[in-house]
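For reference, the structure is listed below as structure tokens.
The values are calculated or read from the model by the stated rules, or taken from the named source; none is laboratory data. These numbers were taken from a predicted model, which means no experiment stands behind them. FYI the Cβ positions are ideal-geometry reconstructions off the backbone, even for glycines, and counts take in every protein chain you see.
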Amino acid sequence: MELSRRGRRAQARPFSYFDAFIKTFSDSYDADKNATGFINLAVAQNSLTVDLMHERLCRAMQTPPPLSTAAYDDMKGTHDLRAAMAKHMKKRLIGLSACTVFPEDLVLSAGAGAVIENLVFCVCDEDDEVMIPAPFYPAFPNDLRARLGVKTVPVYDSSSALPDGATLPTVQDFENALTPRTKMILLSNPGNPTGVNYTDTDEATRCLMDVIAWAVERGVHVISDEIYACSIFEHSENSKGFFSAIEYVNNLAPEASVQDHDTNLKHLAQRPQDYVHVIYGLSKDFCTSGYRVGALWTKNADIHRALDNVSYFCAIPGPMQYALSLVLEDDDFLDHFFVENCARLRKQYDIVTEELSRLSEDDRWVESHSYAPQVRPNAGMFVYFNLQHLLPQSPTFADEQRLWSHIYEAAKVVLTPGNDCASREAGWFRMCFAAVDSDTLRVGIRRVVDACKSYE
């Protein structure tokens, strides 16, 4: 049977290591039962505080849901869950800002991936382009390509001597990548795979705002993916915390002018607010990847009308929405939960640096082989590090793949190769440190180090 063009496109693996990734689930490491099993350090999943969240969700589920949850409801999310989500986002993504998150600006779907796909579906046609600062989340190309046929265009920072992803690309970098097919920019803040909060300082926030203003001026939509906003585990000395694009949009007046925002918006038929959209969800910050809850914040009325229809295909079950609304309304629990979650994330990151350092002591081989992460994270659950010194001079991504395969086969550890993240240079790898416990993480890192030492 011959599939449609869409069907054939959907058969493509979402990323290069997909088959290896899936294999780990049937042969997973267990210290007692399967000590030689695979350790998956490629899955962007937080299991560190799942005990706390699971217990609270179980209590919420003990409250019988109203009979109305068995019937159809607003496919964009029940009023109660949207109100609770709006309250949470206002308090923890925006904080002390005067702006407000309104429930009517939210659309809820079965996971952030569904939210992104639905939004891009409403804005882009097949073969349109979405610019993404690189390196980026390895599933983004598949999210946009599998059903939509939309192309991803990596954009690299040309102004900094720092490694890719340590800072956002400049306005000029986006200008250079702009084509007649460009419809959107997809930003991740905090970043994945870098774990960098791109709005940690006033200067960094200004860079983000400049990019948004430039995009709006060009009539290019901006998606700000803020799914790790409550997972910032370290703040710099001059940290300003997290700055959501919601705050930027709410500070815009419909009649925004060049004097107001250093750019000319008068030629746009729509309000500038209609071009900026925020993605959030419960998978990462809440340790609930399996519950499939994503949220879109947008003030674009046309998109809302389109999603009135499209949301039917990815609605969240009513009883689940009811239980989650109870959890989101429990401020005392959430305040404690996020403090504890960030503390556990920080502990895992410290284990990564500690292990790499400890294993390197008194080892002549390590004198010329550094394992230190090259992009220092302060959020999320990643370490993005460079093993280029193990590769030939002027390495290719084929060289990187051979090293990845060696680590996979010799160490039975799955990492994310930089090529899947659109890294500019070969030799970068993403390690996710939150999906496994501390002991397993230590074992995984030691295996990786030993595999690197045996690589020729």
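Just a few scattered comments:
- Residue among Thr69, Thr24 that is among the polar types (S, T, N, Q), closer than 30 Å to Glu409 by Cβ, part of a helix (DSSP H, G or I) and touching a residue at least 24 places away in the same chain (Cβ under 8 Å): Thr24
- Selected residue (only one of Asp164, Asp173 is buried (at least 17 other Cβ atoms within 10 Å of the Cβ), modelled with pLDDT under 90 and assigned by TED's automatic domain parsing to the domain that holds Val216): Asp164
- Flag not set for Val155, criterion: closer than 11 Å to Lys183 by Cα and buried (at least 21 other Cβ atoms within 10 Å of the Cβ).
- From the list Arg430, Arg447, Arg402, the lone residue that is modelled with pLDDT of 90 or more, within 17 Å of Ala134 (Cβ to Cβ) and of a type in the set (Lys, Arg) is Arg430.
- Just one residue in the set Arg442, Arg430 is crowded, with 24+ Cβ neighbours inside 10 Å, in contact with a helix residue (DSSP H, G or I) (Cβ under 8 Å, 6 or more places away or on another chain), outside the structural domain of Gly195 (by TED's automatic domain parsing) and basic (Lys, Arg); that residue is Arg430.
- Check on Asp19, of a type outside the set (Val, Ile, Thr), part of a helix (DSSP H, G or I) and out of contact with any strand residue (DSSP E or B) (no Cβ under 8 Å at 6 or more places or on another chain): yes
Condition check ((1) over 24 Å from Glu117 (Cα atoms); (2) modelled with pLDDT of 95 or more) across all residues:
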site: Gly191; (1), (2): no, no
site: Thr199; (1), (2): yes, no
site: Arg206; (1), (2): yes, no
site: His221; (1), (2): no, yes
site: Ala229; (1), (2): no, no
site: Phe242; (1), (2): yes, no
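- Total residues in the stretch 290-334, condition outside any loop (DSSP other than H, G, I, E, B), of a type in the set (D, E, K, R) and closer than 24 Å to Asn250 by Cβ: 4
- Among residues of the stretch 145-183, those that are among the charged types (D, E, K, R), touching a Ser or Thr at 6+ places or on another chain (Cβ under 9 Å) and over 26 Å from Ala114 (Cα atoms), counted: 3
- Hits in the stretch 137-148 (condition: in a loop (DSSP other than H, G, I, E, B), closer than 15 Å to Phe121 by Cβ and touching a Cys at 6+ places or on another chain (Cβ under 9 Å)): Leu148
- Only listed residue being on the phi > 0 side of the Ramachandran plot and in contact (Cβ under 8 Å) with a residue 60 or more places away in the chain, chosen from Gly191, Gly195, Gly219: Gly195
Yes/no matrix, rows are residues, columns are (1) within 22 Å of the chain's Cα centre (by Cα); (2) farther than 29 Å from Asn192 by Cβ; (3) surrounded by fewer than 21 Cβ atoms within 10 Å (Cβ to Cβ):
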{"residue": "Gln11", "(1), (2), (3)": "no, no, yes"}
{"residue": "Ala35", "(1), (2), (3)": "no, yes, yes"}
{"residue": "Cys58", "(1), (2), (3)": "no, yes, yes"}
{"residue": "Thr63", "(1), (2), (3)": "no, yes, yes"}
{"residue": "Ala86", "(1), (2), (3)": "yes, no, yes"}
{"residue": "Gly95", "(1), (2), (3)": "yes, no, yes"}
{"residue": "Val107", "(1), (2), (3)": "yes, no, no"}
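- Under the condition of being among the hydroxyl-bearing types (Ser, Thr, Tyr) and in contact with a strand residue (DSSP E or B) (Cβ under 9 Å, 6 or more places away or on another chain), the residues counted in the stretch 408-456 number 4.
- Cβ separations smaller than 8 Å between residues 6+ apart or across chains give the following pairs from the stretch 293-305 residues that are assigned by TED's automatic domain parsing to the domain that holds Tyr275 and surrounded by fewer than 20 Cβ atoms within 10 Å (Cβ to Cβ) to residues that are assigned to a strand (DSSP E or B) and of a type outside the set (S, T, N, Q): His304/Val107.
- Restricting the first member to the stretch 425-445 and to residues that are assigned to a loop (DSSP other than H, G, I, E, B), and the second to residues that are among the charged types (D, E, K, R) and surrounded by fewer than 22 Cβ atoms within 10 Å (Cβ to Cβ), the beta-carbon pairs closer than 9 Å and six or more apart or on different chains are Ala426/Asp399; Gly427/Asp399; Ala434/Arg344.
- Matching residues in the stretch 182-218 - criterion: being more than 26 Å from Gly294 (Cβ to Cβ) and not in a helix (DSSP H, G or I): Thr201, Arg218
- The one condition in (1) at pLDDT 95 or above; (2) over 30 Å from Lys284 (Cβ atoms) that Ser454 fails to fulfil: (1)
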